[in-house]
1. Add -39500 (n - 2.57) for each DSSP H run of 4 or more in the chain, then divide by its residues: what number comes out at 222 nm, to the nearest 500 deg cm²/dmol?
2. Answer with one residue from 225, 173, 274: the one whose Cα lies farthest towards the positive end of the charge dipole of the chain, charges on Cβ with Lys, Arg +1 and Asp, Glu -1.
3. Rounding to the nearest 10 and keeping the result within 0 to 90°, find how far the Cα-based axis of helix 215-236 lies from the longest principal axis of the chain.
4. Can you tell me the order of 396-403, 368-375 when each peptide is scored by its average per-residue count of other Cβ atoms within 10 angstrom, highest first?
5. Suppose the chain between residue 325 and residue 104 were pulled fully straight at 0.36 nm per residue; how much longer would it get relative to their current alpha carbon spacing?
6. Quick one: work out the % antiparallel among DSSP beta bridges in the chain, nearest 5.
7. For a 23 Å ceiling on Cα separation, which of these pairs sit above it: 159/374; 67/159; 52/121; 121/374; 190/334; 67/334?
8. Sorted by average packing, counted as other Cβ atoms within 10 angstrom per residue and highest first, what order do 222-231, 109-118 take?
Amino acid sequence: MSQSEKSTIGTVSPARVTAGSVAMIERLVGFDTTSRNSNLELIHDVETYLSKLGVSSQLSFDDSGKKANLYATVGPAGRGGIALSGHSDVVPVDGQNWSSDPWTVRHDNSRLYGRGTCDMKGFIAVALSHVPRFLEADLQIPIHLCLSFDEEVDCGGAKRLMTFLQSQDVVPLACVIGEPTEMQVVTAHKGGIGYRCDVRGLECHSSLAPQGVNAVQAAARMIAQLDEMARRRAVDGPFDYDYDVPHTTIQAGVIQGGTALNIVPKDCSFEFEFRNLPDDDISGLFAEVTDFARTRIEPDMKAIEEACGFSWQELCHYPAFSLAEDSDLVTLVKSCAQANATTKVAFSTEAGCFQSQGIATIICGPGSIAQAHKPDEFITLEQLGACEAFMGRLIERLSNPGIRDLNF
Ligand SMILES: [Zn+2]
């Protein structure tokens, strides 16, 4: 470790952040790993960094060969151990008004600005910058580093990583996903399911509007109904007040349609999602949407042209996840985070993928989800420092022979 890596930058006590973590976050943010791009430059850079420390990486690629997961193990082989997992991809900056280049970390007082600083290259940077300390420590069980792709799309990377893990002799028994929770310990989250709707209308000159079928306006009627459903759930529930947003949410996030003001638009498509409480019936919700389209909107469209109407496609499906409060992982992570409580969150992660493989999974990472996906995304040095303190305690606990008696 160089002298500069030992020095501290943070000014907010008690958590301080080392220059090594800050340099690593600058390095990672410098790669534009928007989900539509290849992430291989970042992955190969991390592979090189680890290999210089004597740690070998295994990559698992997507079908195109342009994206890869990275999996690397530090510490004694032959035992399950704990995975530290993060997604390498970030959401687009398109159309967002940034005050500075999103791909160059900007320091401002106690914050670091840049795409992915919070979601979630901050956690990855702290984990990677601690590899020298993982190596120096007398770890009794291994730490596995997992970097995935396409979390922001459909968790395709994590699903591929699960297939990869099935080919391994030994797999992690537990996983900490460092999504931004402000270092709170999260043991459950909602499920999510996304759909695309294509609306087919009938084109004509706008002066003859009643002779056409306006796809944009048909889509708007459907979206207004989605909004109505969302409002109803916010008022009537069901509710679970352990979540920051205590009910199922429904929203449309993308819409495209029409070509010119004087043409009745033939096509419109939009994407929408449900983020559901585990007990809320998603299939019932979707049926409510398609029933409304079929009985309330399509009859008007089909009266003019039979081929007009709605078609639906499922885009992504994140299962809800929950971890038993009495599991060894909850106790360990609470002690490392110095938290005396656990919480649940509304946003989805790759946790359901790990859990589907029988890997006990928990979410705990630096930064606030409130800063994620927005222009001028940032993370505070205080949060990075808290994550470093977490890693320090994790190393301590995993170096204690007693850890071998637990379910890791
Ligand atoms: Zn994320």
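1. Working: 12 runs with 127 residues, N = 408.
That comes out to -9500 deg cm²/dmol.
2. Highest projection toward the positive end goes to 173.
3. Roughly 60 degrees, rounded to the nearest 10.
4. Details: 396-403: 14.4, 368-375: 15.9.
Ranked from most to least packed, the peptides come out as 368-375, 396-403.
5. Gain on extension, residue 325 to residue 104, equals 75.6 nm.
6. Working: 50 of 70 bridges.
Looking only at bridges with both residues in the chain, the antiparallel portion is about 70 percent.
7. On the way: 159/374 26 Å; 67/159 13 Å; 52/121 21 Å; 121/374 15 Å; 190/334 21 Å; 67/334 34 Å.
Among 159/374; 67/159; 52/121; 121/374; 190/334; 67/334, the Cα-Cα distance tops 23 Å for 159/374; 67/334.
8. The packing order, highest mean first, is 109-118, 222-231.
Only the coordinates and a few stated rules stand behind these numbers; no lab work does. It should be emphasised that the depicted structure is a prediction, and the values quoted were computed from it without experimental measurement. Please note: Cβ atoms are built from the backbone with ideal geometry, for glycine as well, and neighbour counts cover all protein chains shown.
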